[in-house]
Each structure stands twice: as C-alpha cells, then as structure tokens.
Amino acid sequence: MTSARVRIRWESRPSVDYVVRTVKGRSIRFESDGALPPPGTKGAFELRDVDGRTIAEGTLQLAFVQGSEAGAQVLDGQKIVARPKSVDVALDDFSTESAGSAADFRRLSTTHARPRRAIATSAASHDPSAPPSRSPDARRTGRADTMERTRLGGLECWVTGDGPTVVLLHGFPDVPEGWHPVMERLADRFRLVAPYMPGYAPSPTDGPFDVDSLCEQVDAHLVAAGNGAPVHLVGHDWGSVVAQQILMRHPEHVKRAVTMSVPHPLAFLSHTATSPRQLVLSTYMFFFQLPLLPEATLRANHFAILRWLWSRWSPDVALPEGYWEALTTCLDASLPAPLEYYRGILRPVVPQVKRMRAASGLRIPHDVLYLCGKHDKAVGPEARRGQSKYFTGRLEEVELDAGHFLQLEQPDVIAKYVGDWLSES
C-alpha cells in the first residue's frame, strides 16, 4: 500500500478500497472508482494508514461525487490509537489537512487533537485565518444516543425526542446541526425533526430553488414527518421564508409556527426598498447574484469569509463542538445550490413579479411567534414593521438581546419561547 486508504462497505454492496485524498474533521475525501452509489448512501468504513494499519472505523454517508473525487461525512466512529498506548478518541475530535502521507497518519494515530480556539466575539478581533472553534462551555452538536439520521419526504434529516412533531428549518449559512442545542432542550416534550434544506447535501442539490419550488419540496417533508397529520413548524432565516410560504399555501399541514430573524418576505422586501441601512446589510445578497465568483469566494481559505460573516452577524455566538466542520463539509458538497436561493429572488424577472403579486393577496391564518435579534447585522429588527397586515391569525413579536443566529446564541431562551408557544392550545 503506497497511500492511505479507506475501506467502505456500502449498503447492499461488497467492500471497496479507495485512495484517501484528505481527512478533515468529520469529512473524508477519496478517489472515486466511477461506480459509487448515489449520494445519501450509508456504509461502514475502515480508515487505514500507508502501512495498512486501521486507525479509525465507524459509519459514514456519501455526500458528493464530483468527477474523480468523492466525499463522505462520518456519522459516528472512533479513532483507534495503537501507540503509545490504546486510547479511543471520538472521530470528530481529530483534524488533519493532508491524510495522504505516512507522516500525517502516524501523527493522527498517536496524538490528540489540538485545543480549538473560540470564535472571536467581535469582527474587529476576529482572525479570518484562524481555525473554526467552540467556546469551552459550548454544548456538543447533538448526542449519538439521542439523535438519529433518516430521510423523510425526500430530505435527509435529524430526528430526536417524543411527543408532538416539530419541524425545524435552517437558513444560510447554516445546517440542521445548528438546531441541535435547542432540540436537546426540547426532546422531552416534542418529537423534533431538522432537515437538510433542499440544496444542502445530503438532501438533493439539483433544484429548482425558487420559493415556490422550495415550498413544495419542504411541504412534502412536513407531510412525511407528521405521517399525514399537521405538525408544528419553526423556521430561521431562509427557513422562515419557506415556512411562511407553507403557512400561506398549505395551511392545513401546520398547527402553530415560530419564525426567526426574517419577517414576512413582502414586509422585508418593502422595508429593504426604502431603508438605506438594510440595503447595506443586504449587500451580500446582491453579490450572490454574480456567476461563479461567490462560490469561489466562499470556498477560499477554508470558508474564511463565512467566519467573518458569523462574527459580524452573531458576534457573541459560541459554536457547539463539531458544528463548523458539519457546516463547511455540507457547503463544500452543496455549492452552488445554497446560493441559488438568492438568485431565485430576482430571476427570472417576469415569473418572480407574478409570484409577488400573487403572494400579496395571501394571508397567514396561523398563530405565529416572530423572534428577532436587536443586534442582527444581516436583517435589522426594524424589518418586521408592517408585517402584521399579512396575518389573520395571532402574531406576536419578540426582540431579543442577540444577533442573527438566535438558536445558537441563546439556545435556552429560544427553547423556552418555542416550547411555550407550541404548547399553547
């Protein structure tokens, strides 16, 4: 054996050895043999160094196949340390930039991961080249004994808890792991389902991603998650936009709802058109309209621009362990699909104008709680003004002392608001 390899036994297939290109966090990239199963397929793996020694094993899921390269995300596993003594270390506790050499794998098999630095608490002090990290007291991104991965209605999702079903939709740049801290706190009261939104691997990434199409795809997931019965719905950022489309177009599928950080889409667009401040905050949305450049910019320097955005939008956030690896692995496998959400806002122009006109005549009949952050630098809290005219049900609005990513900044507070609101009769 002249290079590191990973042996994978895909579902209903014999084991195959692949040449490893890189290992980073929970992501394993390897050379494709041209006969891989479709993305989303799970399998058991054995990671081996150049001498053929097994250094890690567990289960993974194929995330993407691009030409001669493929990538998989580890679902669970252990690092097996042969020297200097036998020690078991969680697989998401190690990270190496180059897994293709003997030296890298020997280092990986004999040392613990270096301590991670906390994300900077302000844009001024943030170092874009620093590795993503967590605060010392941050919670883990879910627990293996409570979180399960499955596919419902065409979308891959995390499921935990028992009780009335609650579906939680993430936005950009985010993944369902961002809901895990809130899910942990509500698992004794609700059955919680957090999908990878359309366009976010391992959910389908082939589009289309206009709001109407997103609404239909996610609504099919809701129906499957509730086994045909109405569910509670919670959405953050783009998840809020899609949630409100479902409330208008498929009201019979939802009982109560919580929307976060993005108000009613028409209220937001109206506010943006008349607010110089919001236009400045939304500059990134216009940048995302460009071809190719946004994708390259996001991927550059291990997604350094995202670290800067997070430090600006949620300067006080403490990311759970493993979250950043989950986010960047997902985006790396998914781009450009997540950006197509933004591109679908403005084009094609004529169908979009027709959609907005049609939406202006619709109203949301549900009881909805809207949560936003006072210090949000992506969508200002004042963007919610005037949204009440689009609701015929009860609308309550709460402005919190937080930034954009409320569920990660204040999981205790958000869990209480969500739990109490959804428990009302």
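Summary table below
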item	result
Mean Cβ count within 10 Å, highest first, over the residues of peptides 412-418, 360-366, 237-243	237-243, 412-418, 360-366
Cα-based Rg / Dmax (Å) for region 243-349	16.1, 45
Order by protection proxy (mean Cβ within 10 Å, highest first), peptides 162-170, 209-217, 299-307	162-170, 209-217, 299-307
Sorted by Cβ neighbour density within 10 Å, fewest at the top, the residues L36, L186, L408	L36, L186, L408
Inter-label distance for S15 and S423, nm, one decimal - labels placed 7 Å from Cα along Cα-to-Cβ	5.0
Antiparallel bridges, percent of DSSP beta bridges restricted to region 148-423 (to nearest 5)	30
Evaluated at q = 0.14 Å⁻¹: base-10 log I(q)/I(0), Debye formula over Cα of region 148-423	-0.97
Relative contact order for region 277-414, counting Cα pairs under 8 Å that sit 6 or more residues apart, in percent	29
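A short reminder: the numbers here are calculations on the coordinates, not readings from a lab. It should be emphasised that the depicted structure is a prediction, and the values quoted were computed from it without experimental measurement. We place every Cβ from the backbone using ideal geometry, glycine too, and count neighbours over all the protein chains shown.
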